[in-house]
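Below is one structure; the comments refer to it alone.
Just so it is clear, none of the values below were taken in a lab; they were calculated from the coordinates. This structure is a prediction, so every number in the text was calculated from the model and none was measured. Neighbour counts run over all protein chains shown; Cβ positions are idealised from the backbone, glycine included.
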Amino acid sequence: MKDEQIASLHSALGKELCTFAYRFLGDFSAADDILQEVFLSLRRHPELSLGEAKPYLYRCVRNAALNWMRKEGRELRKVRPEQFIQGPADQVEARELLSAAFVELPLEQYQVAYLFVYGEFTVKEIAMTLDLEETLVAS
């Protein structure tokens, strides 16, 4: 990819990708480091189209976060998405319950739900990102 395209993708997706990495790591500094590595790696993929970039970047961030955790000897962490669940002030309790339930999901379901709800991914994009069958993601 060209530098202008990479910069544009970083502007559009950088914050949400960093948040996605943080959800695994629980460490903003490590999440930012991973994000930088992933964007630098885009230079080695001139054939990647802008339409394929979002699922590809999420997959790269996910894999890099998992590799970092293995290297550091850390366990996977699922961060509660309270700050991202929005709604009327009188529904605070419902939002807290939803947030608590979200992190109790098994990892694969957590990732699917996160990408669907917060990443606004389609079933096809989630399947590409997590290397799953579309029928499994849809169920």
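Below, the figures for the structure above:
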quantity: Label-point separation in nm, residue 104 to residue 117, each point 7 Å along Cα→Cβ; calculated: 1.3 nm
quantity: Inter-label distance for residue 93 and residue 4, nm, one decimal - labels placed 7 Å from Cα along Cα-to-Cβ; calculated: 5.6 nm
quantity: Long-range HN-HN contacts of residue 105 with modeled amide H, under 5 Å; calculated: none
